[in-house]
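Worksheet: the structure to be examined is printed underneath.
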Amino acid sequence: MAVTAPSFAPGATLSGDGVEFAVYSRDAARVDLCLFDNEGDRELARLTMGRDENGFHRVFVEGATAGTRYGFRADGVHSPDHGLWFDPAKLLVDPYAKELDRRFVHDGRLALFGAETADIVPKAIVTRERPIAVKPPLFRPGGFVYEVAVRAFTMLHPDVPEKMRGTVGALAHPAVLAHLKRLGVDAVELMPITAWIDERHLPPLGLSNSWGYNPVALMALDPRLVPGGMQELADTVAALRAENIGVILALVFNHPGESDRHGATLSMRGLDNLTYYRHVPDRPGELINDTGCGNTIAGEHPVVRQLVLDSLCHFVRHAGVDGFRFDLATILGREADGFSAHAALLSDICANPLLADRVLIAEPWDIGPGGYQLGNFPAPFLEWNDRYRDDTRMFWRSDSHRLGAFVTAFAGSSDIFSRHGGERTRTVNFLAAHDGFTLMDLVSHTTKHNAANGEDNRDGHNENHSWNNGAEGATTDGAVLSARRADVKALLSSLLLSRGTVMLTAGDEGGRSQDGNNNAYCQDNGITWLHWDRLDEGLVEHTSMLSGIRKRFPALGETAFLSGAGDVDWLTLAGSPMTVEDWESPFAGTLLVLLKTPDLTQRRIVRLAIAINRTHGEQALALPLPEGRGWTSLVSVNHPAAGMLAARTIEIFVETY
């Protein structure tokens, strides 16, 4: 094998007669490339890489081909107190790895200095890049996002072949596509599918990470979820696009699975800890933990910024995804002085030509100083809106003085998204997500029940703004079950009639439960797997109907703020304008919203009436009746008597001529 020195991009780059391998390390005394056999078990060669003037270590291997298995070893000073973790016994995964030959498995040797790890660390595989024709995103702000953990979503699907269950490819199965189409989903948001490792405390408990928010390789797909690699992802994206459904990837650029100083040395830590991670100023041995996971990626460093950009472009260029959801996205905007909407990495993402039209969704917080940044991300970022979640939950829980906050959120949260001069909402409205109670558990539990996680119920959020309707958890009481079901219907109605982008987590349309576990990240079992045979068909149909209404009347998914100048009226159920006293009444829980909107069925401008009754009793309802016009109910939940609005419900009417 001859060694020469072309200068290609980081990672493994195929050329006409071989492969150039390049990896960055500012402080390593030496970096070696290790080549392995086709099974990835036997090391065939170890080549010392040359360092260029930019800190990249490179070696060109003549005769190497696609399919070559490889890893790196970095030698130098081992002094964790000074932020230096070099250990040539550790096989290190290329941060630019595009494919891995196996999953990550936690082992104590990964954190033990001098312990050989080549037999347990995945090998990167040289891939032949196959760019596709990049098409404009299908998804647009104001659409309906469906959050999916692909393994949990398909493991128990009766129509999906057993060998496909739990994989990305299962999303392209006709039965799964039919469900997504029935719901009217505009895009699926896939929880992490890049390669991750279990947190070190889980294996002794007999548990494993089921969410994937603990990555090691930022571009390589996890072999458990995507055994067919990038081609499987690209094929699935194409199948979903053929049904007019986009794909958004949830990606984790805030921390890798190497964790704190007691964690594993797998990749970035062993290659260049001081470059890839943020450290306390003047204390290089102390990692900053703005993520709650032990470490924080240094998004302000040019090498890390380029890695993030290259990762995003990789998924657009080779899979054609519509966009991305960024976990703990405040990290992406952190610089030396804290968060900035104009941080280099955020600006790079917005300015990149390949990413310019992609959907960008921020989870706008982390746990560091000044970490809560809802409303402060730059356009075009959409933002997960936990204020919407909490205000809507508290309204339906019948908390006092909640009508105004609920309506503000329902109308697009102008209080949040107009404060920097914005004219459109960038909200992503949600009531339940992967992290927290399911929608049914929200109305079935007043407290979390996380004993199965092995942390004595200490983990997970303590304040969920939840209620149990008279019994905690499982019950056979028909009245309690009926009340819970009515509340879920009301919550689904609130969500899918809200202005802006909306997100529903898979299974919540059918009343799925996690038995009160509100932090089920470590439950890769029946607690999180979707039991298709238990889905409430009535709730699924209710969700489908609401989604259809949302598509029929575009004003519901509009992102421009309501002006009140003819586009909306806020009325009492008696049909009179709301007064200050009506809004500020401690237990105000009723409202009539008249919304002017195109009707794509009638092809004319109409008024839509949304009648809301949070109370536990029927309420008289008087809809305005201009001469020659009437109202047709689009959904009647409990079929109350004419002129009455059922308890704990939202009813929708369309103006008729």
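Here are some notes:
- For the stretch 52-70, filtered to residues that are open to solvent by 80 Å² or more (accessible area, probe 1.4 Å) and more than 38 Å from the chain's Cα centre (by Cα), the residue that is nearest to E20 (Cα to Cα) is E62.
- Scope the stretch 522-535; condition surrounded by 16 or more Cβ atoms within 10 Å (Cβ to Cβ) and over 21 Å from the mean Cα position of the chain (by Cα); matching residues: W532, L535
- Filtered residue count, the stretch 537-560, keeping only those that are open to solvent by 40 Å² or more (accessible area, probe 1.4 Å) and either touching a Lys or Arg at 6+ places or on another chain (Cβ under 7 Å) or acidic (D, E) (or both): 3
- Where a residue in the stretch 576-588 is under 21 Å from M394 (Cβ atoms) and part of a loop (DSSP other than H, G, I, E, B) and its partner, wherever it lies, is among the hydrophobic types (A, V, I, L, M, F, W, C) and open to solvent by 50 Å² or more (accessible area, probe 1.4 Å), with Cβ under 8 Å and at least six apart: M578/W570
- When the stretch 44-99 is filtered for residues that are over 24 Å from P131 (Cβ atoms) and among the hydroxyl-bearing types (S, T, Y), the ones remaining, listed by number, are T48, S79.
- Inclusion of W570 among residues that are surrounded by fewer than 19 Cβ atoms within 10 Å (Cβ to Cβ), in contact with a Pro (Cβ under 9 Å, 6 or more places away or on another chain) and not in a loop (DSSP other than H, G, I, E, B) is warranted.
- Any hit, the stretch 444-460, residues being closer than 19 Å to V540 by Cβ, crowded, with 20+ Cβ neighbours inside 10 Å and not aromatic (F, W, Y): yes
- Among the residues making up the stretch 341-358, those that are more than 16 Å from R317 (Cβ to Cβ) and either of a type in the set (K, R) or touching a strand residue (DSSP E or B) at 6+ places or on another chain (Cβ under 8 Å) (or both) are A343, A344, C350.
- Among residues that are over 18 Å from the mean Cα position of the chain (by Cα), modelled with pLDDT of 95 or more, within 26 Å of F56 (Cβ to Cβ) and not basic (K, R), I288 is included.
- Considering the conditions (1) touching a residue at least 12 places away in the same chain (Cβ under 8 Å); (2) open to solvent by 10 Å² or more (accessible area, probe 1.4 Å); (3) assigned to a loop (DSSP other than H, G, I, E, B), M440 is excluded by exactly one of them, (3).
- Failed criterion for A175 (all others in (1) closer than 23 Å to L382 by Cβ; (2) assigned to a helix (DSSP H, G or I); (3) open to solvent by 10 Å² or more (accessible area, probe 1.4 Å) hold): (1)
- Some residue of the stretch 270-285 being closer than 20 Å to H201 by Cα and touching an Asp or Glu at 6+ places or on another chain (Cβ under 7 Å): no
- Residue that is within 30 Å of I132 (Cβ to Cβ) and either buried (at least 20 other Cβ atoms within 10 Å of the Cβ) or in contact with a strand residue (DSSP E or B) (Cβ under 6 Å, 6 or more places away or on another chain) (or both), where the choices are L332, L309: L332
Each row is one residue, and each column tells you yes or no for (1) part of a helix (DSSP H, G or I); (2) acidic (D, E); (3) farther than 30 Å from I197 by Cα.
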| position | (1), (2), (3) |
| --- | --- |
| N462 | no, no, no |
| G473 | no, no, yes |
| A479 | yes, no, yes |
| S482 | yes, no, yes |
| S498 | no, no, yes |
| V502 | no, no, yes |
| Y521 | yes, no, no |
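- The listed residues are P353, P369, P380, and the only one of them that is open to solvent by 30 Å² or more (accessible area, probe 1.4 Å) and free of Cβ contacts under 8 Å to residues at least 12 places away in the same chain turns out to be P353.
- Residue match in the stretch 315-326 (condition: out of contact with any Leu (no Cβ under 9 Å at 6 or more places or on another chain) and crowded, with 24+ Cβ neighbours inside 10 Å): no
- Residues that are open to solvent by 10 Å² or more (accessible area, probe 1.4 Å) and outside any loop (DSSP other than H, G, I, E, B), drawn from the stretch 237-266: A238, A239, R241, A242
- Single condition A474 does not satisfy, out of (1) touching a residue at least 12 places away in the same chain (Cβ under 8 Å); (2) under 29 Å from F417 (Cβ atoms); (3) surrounded by fewer than 16 Cβ atoms within 10 Å (Cβ to Cβ): (2)
- In summary, V216 fulfils each of the numbered conditions (1) in contact with a Ser or Thr (Cβ under 6 Å, 6 or more places away or on another chain); (2) farther than 23 Å from R128 by Cα with the single exception of condition (2).
- H314 being within 20 Å of P10 (Cα to Cα), part of a helix (DSSP H, G or I) and either modelled with pLDDT under 95 or in contact with a Pro (Cβ under 7 Å, 6 or more places away or on another chain) (or both): no
- Scanning the stretch 587-630 for residues that are surrounded by fewer than 19 Cβ atoms within 10 Å (Cβ to Cβ) and among the small types (G, A, S) yields a count of 5.
- Restricting V303, V280 to residues that are open to solvent by 10 Å² or more (accessible area, probe 1.4 Å), in contact (Cβ under 8 Å) with a residue 12 or more places away in the chain and either of a type in the set (A, V, I, L, M) or farther than 20 Å from P364 by Cα (or both) narrows the list to V303.
- From L112, L35, L92, L47, residue being at pLDDT 95 or above, touching a Leu at 6+ places or on another chain (Cβ under 7 Å) and open to solvent by 30 Å² or more (accessible area, probe 1.4 Å): L47
- Qualifying residues in the stretch 142-172 (those that are part of a helix (DSSP H, G or I) and not hydrophobic (A, V, I, L, M, F, W, C)) - the one most open to solvent (accessible area, probe 1.4 Å): R151
- Residue match in the stretch 22-31 (condition: over 23 Å from D310 (Cα atoms), buried (at least 21 other Cβ atoms within 10 Å of the Cβ) and modelled with pLDDT of 95 or more): yes
- Some residue of the stretch 206-222 being touching a helix residue (DSSP H, G or I) at 6+ places or on another chain (Cβ under 9 Å), among the charged types (D, E, K, R) and either open to solvent by less than 40 Å² (accessible area, probe 1.4 Å) or over 30 Å from D75 (Cα atoms) (or both): no
The values are calculated or read from the model by the stated rules, or taken from the named source; none is laboratory data. Remember, predicted model here, so these are calculated numbers, not experimental data. We place every Cβ from the backbone using ideal geometry, glycine too, and count neighbours over all the protein chains shown. Please note that ligands, DNA and RNA were not included when accessible areas were found on the heavy atoms of the full protein model with its side chains. Shrake-Rupley method; radii C 1.70, N 1.55, O 1.52, S 1.80 Å.
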